[in-house]
Number of protein chains: 2
Amino acid sequence: MAQIIATSPLARPMPELGSVRGVRLQAMAAGIRYKGRTDLVLAEFTPGTTVAGVFTQSKCPGAPVDWCRAILPAGQARALVVNAGNANVFTGRAGRETCEATARAAADLAGCAPEQVYLASTGVIGEILPAERITAALPALHAALSDTGWESAARGIMTTDTFPKAAVRTATLGGAEVVIQGMAKGSGMIAPDMATMLGFVATDAALPAPVLQALLAAGVQKTFNCITVDSDTSTSDMVLLFATGAAGNAPLATTDIDSAELAGFRAALNDVLHTLALMVIRDGEGATKLMTISVSGAVSDASAWRVGMAIGNSPLVKTAIAGEDANWGRIVMAVGKCGEPADRDTLSVSIGGVCIARNGTVTEGYDETPVVAHMKGQEIDIAVDLGLGDGCAKVWSCDLTHGYIDINGSYRS
Amino acid sequence: MAQIIATSPLARPMPELGSVRGVRLQAMAAGIRYKGRTDLVLAEFTPGTTVAGVFTQSKCPGAPVDWCRAILPAGQARALVVNAGNANVFTGRAGRETCEATARAAADLAGCAPEQVYLASTGVIGEILPAERITAALPALHAALSDTGWESAARGIMTTDTFPKAAVRTATLGGAEVVIQGMAKGSGMIAPDMATMLGFVATDAALPAPVLQALLAAGVQKTFNCITVDSDTSTSDMVLLFATGAAGNAPLATTDIDSAELAGFRAALNDVLHTLALMVIRDGEGATKLMTISVSGAVSDASAWRVGMAIGNSPLVKTAIAGEDANWGRIVMAVGKCGEPADRDTLSVSIGGVCIARNGTVTEGYDETPVVAHMKGQEIDIAVDLGLGDGCAKVWSCDLTHGYIDINGSYRS
């Protein structure tokens, strides 16, 4: 089973978390898969809480993804139940029944309808998730709910993660100071497509569900959807954003997320999403280096993103980074292979701010020394300019090391 | 630099190679990059030899790919020069000049036009390939040409390959027995898109260039284009097929490659291409297991191919195979992520002929024992039925091991 994995060298300390008015939560050890660690999280939201969500684009989504997608249009949330260790994916009718039983049990405790209970599961695929392990644990968990349970919850949703991931920001909205606080988990099977493994963010702002949804979708596009550990998009990806309204801010005058009224909130939310997404990469399975890939000069932003992801997903680029080898030829290979418009003779490649190659050949007098020094650091910057247009994107990835093989080549990790 | 790499456990012995009438070839050590090993190959073809070629779809192709593409429409070949150790890619004008100088030097020796000389290079990207190392070596190499030089040539084109790759078949065509004999190299940066790293096949059959081209393009589609080691399509992929006509077969009555007249030849050619392509996977960097992925029930053959490649490229599937873990949930993940039409509830997954999951959940009474035994073997069979249509495809890949990281994480391997 799972071996001891050392904390990622790229880990970030847990920030000091406060509470989010209208949210109480807690984690406990329910023995779902792991022994001697917390693996079940319950959060309860004050009545009137709105919700937004983005989900994996996988054609084989887990039962909890189906459940959340089905209840999201109502835009109302009263509870969230998350378990780690078993993803409840490819479990057929048993998986659906586990969702229904879990939602019913949580709804009874929270005094709401089952359709106001959000569910998320992460862990092994294809094994039946026994509902009774969860429903039996929920009453004690509900009794222990606390507005200071955030750190405990961030630990309770971990699987192969080596450190808990959380972020908090504040903003001013409608005359009130509001808090945005969130957590995420994810380490392997990370190449989100509309969301990543699991992310849960709550704010005490009062925001209508459609506005919340637009803010989340836009924010995820430039954060969680721009990270990759191993190109393997999960069946369970989900980011949920809850707004309790407890801050008592004035109602919005607009529903336009580009409005000045929402600018501060939006920036703070995007910063939370960005911070959480980067923590997932910093905890990429086996990662020792964080790669930031900036693509410019593409024919469109979407094209730039695909070029960036091709670089970030290339096993040969990732192993070169692991080996501290400024093997820029592999970056050229990745640009060339990805099927996006590119012209060898207008392409430039930089590493660590040093332009190595431009216009189809190595830069005259290229001195590898500063690039070699940069490669020895923990944060590697790669910049590619395609020289074709104004499209740009930024993508984050990590290196591919023996650690990844250790973690994923062991029996049913 | 390159470390000693043990021969792949999946290696196949060199078949007994004969000669191909009309072809003389030889390899020698020209000191292009490697010390103490052959790295330059010259082949000369009898006047009248026709040629077909398929090339990488990379947007950053090497100079030799550009060269060959430009001369291919004439359909005539008199010589082939291949070097290992330097791919002559992203080398700008210097790269083009090296091609021109090499072709001129070989043309002088063969008594032909430079536009009848085919060129291929494989190795590191972005370093200038010094033409003089090649042109200085060519006269001695030309003097040593022999119709028994095939094995020497198969070794001379290797880079990180751990064993030489060749195949030979015979067929009857136009009343004559003809030979089809070829070699390939490739181990990493293998996810061919119209061709693989380098493959060279010759026959003594007399075939017009357009027929040869149609046969090669069709053959590659089901062989070289269905293999992947690491999803990284090379800048230098190329398969060339030469037909010397020395067998003296009667001219074709048709140019239709589906005709009965060509059936035997086509089957033998496809068998050569298939054998060479599988040898590349058997020599995949770090490979210890050969994965055969059969996809059926897709909406089209192209869709089935993309599903198969998503499974074959998934780092999580590949590490599970390395760990001998029948982690079929990762196969479900790969099917789900690839964007092709798929329905979780009609999907079946088998490993080693055992149906593990069907209709969206694990098979009732699934006993893992025979699957665990299958996973310990060297050849792993994965079958996925999407349950949607008649599309099918077969794809080959290998596992992802510490060996891959060792080979590619070392400095400028």
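Note on segment B:54-165: Kirkwood radius taken over Cα pairs, Stokes-Einstein applied at 10 °C and 1.306 mPa s, translational D equal to 110 µm² s⁻¹. Annotation: amide H-H contacts under 5 Å for residue A:149 (H modelled 1.01 Å from N, sequence separation of 5 or more, or interchain): A:25. Across peptide A:86-94, the mean count of Cβ atoms from other chains lying within 10 Å of each residue's own Cβ comes to 4. Counting 0.36 nm for each residue step from residue B:143 to residue B:46 and taking away their Cα separation leaves a gain of 33.4 nm. Each part reduced to its alpha carbon centroid, segment B:105-120 and segment A:49-116 end up 68 Å apart. In this simple spin-label approximation, residue A:222 and residue B:132 carry label points 7 Å from Cα along the Cα→Cβ vector, and these lie 5.4 nm apart.
The ratio of the alpha-carbon radius of gyration of the protein assembly as shown to the globular-protein estimate 2.2 N^0.38 Å is 1.02. Restricting to DSSP loop positions (anything but H, G, I, E, B) with no more than 11 other Cβ atoms inside 10 Å of their own Cβ, which GluC sites (Glu not before Pro) remain in segment A:308-413? In loop regions of segment A:308-413 (DSSP not H, G, I, E or B), the sparsely surrounded GluC sites (Glu not before Pro) are A:364. Over the C-alpha trace of segment A:217-321, radius of gyration and Dmax come out as 16.9, 53 angstrom. The mean sequence distance of close C-alpha pairs (under 8 Å, at least 6 residues apart), as a share of the length of chain A, puts its relative contact order at 18 percent. The Cα-based radius of gyration and maximum Cα-Cα distance (Dmax) for segment B:96-158 are 12.4, 34 Å.
Using a cutoff of 8 angstrom between alpha carbon atoms and counting only pairs six or more residues apart, the relative contact order for segment B:1-155 works out to 30 percent. Its residue count N sets the reference 2.2 N^0.38 Å, and the alpha-carbon radius of gyration of segment A:1-82 equals 1.39 times that reference. With the convex hull drawn over the C-alpha atoms of segment B:284-323, the volume per residue is 73 Å³. Amide H contacts of residue B:85: B:122, B:123, B:124, each under 5 Å away and 5 or more positions distant or on a separate chain (H built 1.01 Å from N in the peptide plane; Pro and chain starts excluded).
Translational diffusion coefficient, Stokes-Einstein: compute it for segment A:332-402 using the Kirkwood radius over C-alpha pairs as Rh, at 37 °C and 0.692 mPa s, and state it as an integer in µm² s⁻¹. Taking Rh from Cα pairs, D becomes 244 µm²/s. What the pair-distance distribution of segment A:92-132 shows, using all Cα-Cα distances binned every 5 Å from zero, is 5, 24, 30, 22, 12, 6, 1 percent. Between the beta carbons of residue A:261 and residue A:12, assuming R0 = 30 Å, the FRET efficiency works out to 0.40 to the nearest 0.05.
Output the pairs from B:318/B:376; A:35/B:376; A:289/B:376; A:59/B:222; B:35/B:165; A:318/B:394 with a Cα-Cα distance over 23 Å in this structure; if there are none, say none.
A:35/B:376; A:289/B:376; A:59/B:222; A:318/B:394
Computed about its Cα centre, the charge dipole of segment B:1-141 is approximately 220 debye, with only Lys, Arg, Asp and Glu carrying charge at their Cβ.
Taken one residue at a time, the phi angles of segment A:100-105 give Karplus couplings (6.51, -1.76, 1.60, θ = phi - 60°) of 4, 5, 5, 5, 4, 5 Hz. Gly and Pro are set to x.
Per residue, the average separation of C-alpha pairs within less than 8 Å and at least 6 apart gives segment A:26-117 a relative contact order of 29 percent. Close amide-amide hydrogen proximity is noted between residue A:237 and A:56, each under 5 Å apart and 5 or more residues distant or on a separate chain (H modeled in the peptide plane; Pro and chain starts excluded).
Would you mind giving the average projected area, over all directions, of the Cα convex hull of segment A:129-262 in nm² with one decimal?
Numbers: hull surface 38.1 nm².
Taking a quarter of the hull surface, the average projection is 9.5 nm².
Of the trypsin sites (Lys or Arg not before Pro) in segment B:345-412, which ones lie in a loop per DSSP and count no more than 10 other C-beta atoms within 10 Å?
Here the trypsin sites (Lys or Arg not before Pro) that fit, given the DSSP loop and packing criteria, are B:376.
For segment B:286-413, how big is the tail of P(r) above 22 Å, as a whole percent of Cα pairs? So the pairs more than 22 Å apart make up 33 percent of the total in segment B:286-413. Simple spin-label estimate for residue B:294 and residue A:355 gives 5.5 nm between the two label positions (7 Å along the Cα-to-Cβ direction from each Cα). Inter-chain Cβ neighbour count for B:357-364, averaged per residue, equals 4 (cutoff 10 Å, partner chain atoms only).
Under the classification rounded if a/c is under 1.5, otherwise prolate if a/b is larger than b/c and oblate if not, where does segment B:289-363 fall, given a ≥ b ≥ c as square roots of the Cα gyration tensor eigenvalues? The shape class here is oblate. Evaluating 6.51 cos²θ - 1.76 cosθ + 1.60 at θ = phi - 60° for every residue in segment A:305-319, the Karplus couplings come out as 4, 5, 5, x, 5, 5, 5, x, 9, 5, x, 6, 5, 5, 6 Hz, glycine and proline recorded as x.
Heavy atoms of the protein chains alone define the surface here; on that basis the protein assembly as shown has 33 Å² accessible area per residue at 1.4 Å probe size. With q set to 0.12, 0.13 Å⁻¹, the log10 of I(q)/I(0) for chain A, from the Debye formula over equal scatterers at the Cα positions, is -0.93, -1.07. Legend: mean number of C-beta atoms from other chains within 10 angstrom of residue C-beta atoms, peptide B:337-344, equals 5.
The values are calculated or read from the model by the stated rules, or taken from the named source; none is laboratory data. No experiment lies behind these values; they were computed from the predicted model shown. Quick reminder, even Gly has a Cβ in these numbers, built from the backbone with ideal geometry, and neighbours come from all protein chains shown. Accessible surface is based on the protein model in full, side chains and every heavy atom, while ligands, DNA and RNA are left aside. Shrake-Rupley method; radii C 1.70, N 1.55, O 1.52, S 1.80 Å.
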